[in-house]
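Structure record follows, encoded as structure tokens.
The values are calculated or read from the model by the stated rules, or taken from the named source; none is laboratory data. Fair warning: this is a prediction, and the values are worked out from it, not measured in the lab. Cβ: placed from backbone, ideal geometry, glycine included. Neighbour counts: every protein chain shown. For the accessible areas, the whole protein counts, side chains as well, though only heavy atoms, and no ligand, DNA or RNA atoms are used. Shrake-Rupley method; radii C 1.70, N 1.55, O 1.52, S 1.80 Å.
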Amino acid sequence: MTTRRPSVFPSSRRRLLAVAAVSLAAVLGATSCSASGAGEGSGGSAGKGAAGTRTVTDIAGKVEVPAEPKRIVSVDFYSPATLVDLGVKPVGVVEGFDSDDPDLRPKRYHDALKGTPTIGTYYELNIEAVAQQNPDMIFAETRFLRKGELKRLQGIAPVVQLDAAGIGAWKERTLMIGAAVGKSEEIGKQAAVFEKRADELKKKYADVLEKNEIAVFAYGQDQTTWGTYPAGHFYVPAWDAVGAKFRPFTEGEHKGAEGSVSEWLSLEQIGKLDNADILVYAYGAGDFVDKTLARNTVWKNLPAVKNGMVFRNISASVVSSFEWGTESLDALDGVLAQISEKARA
């Protein structure tokens with residue numbers, strides 16, 4: 001996640017194990033999650049509910065959580081979608097779920113959570129608002145918490161710490177969320193559906209995916225800069241899932257952090273995209289491509305542009321759950337069909 005983001009991303013969504021035929025034991029192993037029986041657990045968690053506690057393992061180690069959490073607050077962008085898919089409604093979420101922007105998240109998550117109390121943004125929390133919801137469990141992507149906030153959250157309720165950096169990391173995170181709320185079997189089934197669909201698209205479009213390198217790009221906040229997303233970035237999990245090959249960053253693009261968006265470059269440097277066979281622009285960047293770049297001579301002479309290999313990305317591409325991911329793959333099928341048809345022409 002970068003501190004500077006393209007304007008096609010609303011601020012609330014800034015800042016991602018293949019699982020097929022998953023059994024309950026396999027899912028628990030993948031997430032390193034173990035559970036004690038109802039009524040067991042540390043005495044310090046006994047007050048959270050008569051049903052007792054379970055021990056789960058998150059990115060920081062083991063944490064005691066309620067066996068049957070009833071009041072979950074999500075101080076991250078990702079966990080609410082997974083919870084909704086599992087039939088669990090959080091009692092507090094970060095800002096943005098009242099937005100019906102189709103490029104932010106599928107409409108059903110907006111509909112499910114638009115009336116939920118908000119607790120600030122994931123990078124600027126209102127700790128008092130979290131406490132007001134009287135949670136018995138909190139999900140947090142802790143790398144975005146400010147100094148001292150994790151300790152304050154842990155003083156309110158058990159915190160399950162999440163991360164999403166790297167190719168496929170979002171899958172591990174999603175499995176962890178399912179395990180934390182006692183729904184490993186259900187999340188495993190959703191994972192299996194996602195992996196099956198990804199495999200179908202890998203085979204269906206193997207020829208075009210193996211022979212071409214893509215660049216997924218967006219514009220900067222004032223439309224005078226642009227940047228691209230590498231494999232493992234939170235913006236391209238659907239492309240990662242089908243095995244897309246990303247063009248390498250050129251000199252001066254890479255920030256040195258794996259999975260990080262490129263440096264934001266001037267339009268005069270758009271020629272760096274000449275090493276991409278296929279150009280995929282952000283869902284909300286149509287005007288940038290059709291108006292701003294259309295006047296740029298260097299852009300018009302890029303190999304992919306001259307070959308007509310420029311396509312619009314899917315909407316809501318920041319996949320946050322397996323069911324969301326499966327919907328994204330269905331949408332990607334349409335984009336890949338366009339690419340395949342053009343490649344054969």
For the charge dipole of the chain, defined by +1 on Lys and Arg C-beta atoms and -1 on Asp and Glu C-beta atoms about the Cα centroid, which residue among Thr116, Val261, Pro102 has the Cα displaced farthest towards the positive pole?
Val261
Chain lengthening between Lys147 and Glu68 when straightened (0.36 nm per residue, less Cα-Cα):
25.4 nm
Geometric extent, Cα atoms of region 299-345 - Rg, Dmax (angstrom):
13.3, 39
Kindly report, to the nearest 10 Å², the accessible surface of Val65 as traced by a 1.4 Å probe over protein heavy atoms only.
0 Å²
Residue by residue through region 252-264, what is 3J(HN,Hα) from phi via Karplus (6.51 cos²θ - 1.76 cosθ + 1.60, θ = phi - 60°)? Round to whole Hz and write x for glycine and proline.
x, 8, 6, 8, x, 10, 4, x, 8, 4, 5, 4, 7
Please report how far the C-alpha centroid of region 301-343 lies from that of region 51-117, rounded to the nearest whole angstrom.
28 Å
Pop out the Kirkwood hydrodynamic radius of the chain from its pairwise C-alpha distances, inverse of mean 1/r, in Å to one decimal.
21.0 Å
Residue-level accessible surface for Met309, protein heavy atoms, 1.4 Å, Å²:
20 Å²
Please report, to two decimal places, log10 I(q)/I(0) for region 114-247 at q = 0.18, 0.20, 0.22 Å⁻¹ as given by the Debye formula with identical point scatterers on the Cα atoms and no solvent.
-1.11, -1.18, -1.25
For region 208-281, Rg(Cα) over 2.2 N^0.38 Å is 1.04
Translational diffusion coefficient, Stokes-Einstein: compute it for region 133-199 using the Kirkwood radius over C-alpha pairs as Rh, at 4 °C and 1.567 mPa s, and state it as an integer in µm² s⁻¹.
96 µm²/s
Once the piece of chain linking Gln132 and Asp111 is laid out straight, how much longer is it, given 0.36 nm per residue of separation minus the C-alpha distance between them?
5.2 nm
To the nearest 0.05, what FRET efficiency results for Ser340 and Gln221 with a Förster distance of 30 Å applied to their C-beta separation?
0.35
A correct Karplus calculation of ³J(HN,Hα) over region 307-313, with 6.51 cos²θ - 1.76 cosθ + 1.60, θ = phi - 60°, whole Hz and x for Gly and Pro, returns 8, x, 9, 10, 9, 7, 6
Cα-projected label distance for Arg312 with Gln154, points at 7 Å along beta-carbon direction, nm:
4.7 nm
Roughly how big is region 52-110's charge dipole about its Cα centre, with Cβ charges of +1 (Lys, Arg) and -1 (Asp, Glu), in debye to the nearest 20?
320 debye
In Å and on Cα atoms, what radius of gyration and Dmax does region 210-345 show?
14.2, 42
Which one of Ala218, Gly243, Val208 is farthest out on the positive end of the charge dipole of the chain, using unit charges on Cβ (Lys, Arg +1; Asp, Glu -1) and the Cα centre as origin?
Ala218
Pairs over 27 Å Cα to Cα, from Lys107/Lys196; Lys114/Lys291; Lys183/Lys204; Lys114/Lys202; Lys62/Lys151; Lys151/Lys189, come to Lys114/Lys291; Lys183/Lys204; Lys114/Lys202; Lys151/Lys189
Computed about the Cα centre, the charge dipole of the chain from +1 Lys/Arg and -1 Asp/Glu charges at the Cβ has a magnitude in debye, to the nearest 20, of 120 debye
In region 102-155, which trypsin sites (Lys or Arg not before Pro) are in a loop and have at most 10 other Cβ atoms within 10 Å, using DSSP for the loop call?
Lys147
With only helices counted (DSSP H, runs n ≥ 4, each -39500 (n - 2.57)), the per-residue ellipticity at 222 nm for the chain, to the nearest 500, works out to -9000 deg cm²/dmol
By the Cα gyration tensor axes a ≥ b ≥ c (a/c under 1.5 gives rounded; else a/b larger than b/c gives prolate, otherwise oblate), the shape of region 64-153 is oblate
Please state the charge dipole magnitude for region 216-345, taken about the Cα centre, from unit charges on C-beta atoms (+1 on K and R, -1 on D and E), reported in debye and rounded to the nearest 20.
480 debye
Grab the Cα-Cα distance for Glu268 and Lys89, subtract it from 0.36 nm times how many residues apart they are, and report the gain in nm with one decimal.
59.7 nm
Collect residues whose amide H, placed 1.01 Å from N in the peptide plane, falls under 5 Å from the amide H of Gly52; neighbours closer than 5 in sequence don't count.
Gly39, Ala67
